[in-house]
Structures are given as C-alpha cells and as structure tokens.
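> If you scroll down you'll find the structure; I have some questions about it.
The values are calculated or read from the model by the stated rules, or taken from the named source; none is laboratory data. Note that the coordinates shown come from a computational prediction; the quantities given were computed from them, not determined experimentally. Here the Cβ positions follow ideal geometry from the backbone for every residue, glycine too, while neighbour counts run over all protein chains shown.
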Amino acid sequence: MAEALSRRLEAKSLAGVLILAGGLSTRMGSPKALLKLPSGETLLDYHVRSAAKLGVPILIADNGQGFTTQIETVNSSISYIQDYQPHSSNPEAEDKHSAGPLGAILAGMQGILADNESKWLLVVSCDSLVNGFDIWQYLMEEKPQSLSDSATVVNEPNTQPQMYCLADNERDYPLLALYQLQLAEPLKAYLDSGERRVMRFISPISQSVAMPQDWYTLSNLNTPEQFEIACQQL
C-alpha cells in the first residue's frame, strides 16, 4: 500500500501548495500567521519559504486579512486568493455563507485547475509548524506504513482515495493533506448545498497517513504555550 502511494505521488503530479493563513486565533491572542519564530520570521514566511523548495505555485488564503510575506522565491510564484463564497441552494438560507477552510481549499483548486498534467494540491495550515516541504518529502520518500485500506470514494467502491490526510494517534488533520484537483466539482456542490463541515466532506474520500511522532506537538497550535513548545523543536 505504501509503495502504491509513493507511485501515485510523483513529483510532477504536485500542482501547488495552498497555505491557509486566515483562521481565527481567539485562544492564541493574535493572528497565527504573524506569530514570530525564534529565527525572527513569521509563521507565514516559514511556510512560504518551506513550500518554495518544491518549485510549484504557492497560494495564500488569508481570508481577506491582508497578510504579506517577506520571502522572495525564484522557482515558485506566490498568489493571494479569495475564499470561495458559495450561493446556498437552501431557499431559507442567506444568499451567501462563509465556507470556512473548505472555501479556501476550493479556491485553491480552482486557481490551478488549468494545469491538467498535475493532480494534487498540498494544503498546509498556519495552525501548524509541520510544513509543506516536509510533508511532501515524507510521503514521497519515507513511504509511510500506517495506511488504512478502508478508504473508498463515494458510490465508487475500490476506487483510489482522493485525498491523503496526516493523522496522529487521536485525530486526522484535513488541513495538513493532499487533495486531488478532481474534487473541485463535488466540493463546490457540497458548499453550494449549504454545508461547510470538513470531516463530513472528507470522510468517504480520505485515507489517513500516520505522521511521525515528533510532529504531534507541531501539528495543532492553538495557544501561546503550545506554540512555544513547538518552537523548541525547531
């Protein structure tokens, strides 16, 4: 199973990296994207610098907050995207509703769909110090062994998973994941129906990939204390 995953994830199949930088940061007390690492760079710059090593387009979704990066890239373009704002098909709902992180993911897919030779969008979040370069290298080279055999696509038994989601011993991390670009159409329909729940969308199409244990404390940063502990591992 691990070898099959590695074969699917050839370097040329990565279309781009989407950095989610617009999440609310109530418990953190300040925007997570602007948190300063011991090196002095912001968390957003850290993710941009890491993603640039992959040489693919970098998309930043900051929910209209106007965050900027100081990183200059040579082989990767950097674009700021607006979240997809769906029109609900529910006549009792407001004309538009917030789509949460799935709205950013769909916007990222739509922004790079023109590249028909590439298949995957790598999603990373400013909730985490696990970066896109390390995730891709882990999937390509380490060949993770803890892959579930149970994932199928909705109404299509025995079909390959359409996303790979990092997981620790307690939960999946759908904002540290690979999404097939072919998901753009069903994701748009899901959001336009009035839904926004991430786990409900990914459950039938996702396959969990066990992350290294030393990533556990890097992967879900919600408080200053958690961020400080994570920085000590850098």
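> Among the residues of region 140-194, write down those that are at pLDDT below 90, aliphatic (A, V, I, L, M), closer than 12 Å to Ile205 by Cβ and touching a helix residue (DSSP H, G or I) at 6+ places or on another chain (Cβ under 9 Å).
Matches in region 140-194: Val154 only.
> Now a separate question. Please go through region 56-72 and pick out each residue that is among the polar types (S, T, N, Q) and closer than 11 Å to Asp45 by Cβ.
Thr68, Thr69, Gln70
> I would also like to ask the following. With respect to Gly64, determine if the residue is within 24 Å of Asn220 (Cα to Cα) and at pLDDT below 95.
yes
> List pairs: first residue in region 196-224 and at negative phi, second residue among the charged types (D, E, K, R) and assigned to a helix (DSSP H, G or I) anywhere in the structure, Cβ distance under 9 angstrom, at least six positions apart or on different chains.
Filtered contacts from region 196-224: Pro212/Glu142; Trp215/Asp134; Leu221/Lys32; Asn222/Lys32.
> Name the residues in region 36-51 that are surrounded by 22 or more Cβ atoms within 10 Å (Cβ to Cβ) and either of a type outside the set (Ser, Thr, Tyr) or modelled with pLDDT under 95 (or both), would you?
If the condition is that a residue be surrounded by 22 or more Cβ atoms within 10 Å (Cβ to Cβ) and either of a type outside the set (Ser, Thr, Tyr) or modelled with pLDDT under 95 (or both), then Leu43, Leu44, His47, Val48, Ala51 are the ones that fit.
> Let me ask something additional. In region 77-110, what count of residues is obtained for those that are buried (at least 19 other Cβ atoms within 10 Å of the Cβ) and either modelled with pLDDT of 95 or more or closer than 21 Å to Cys126 by Cβ (or both)?
So the answer is 12.
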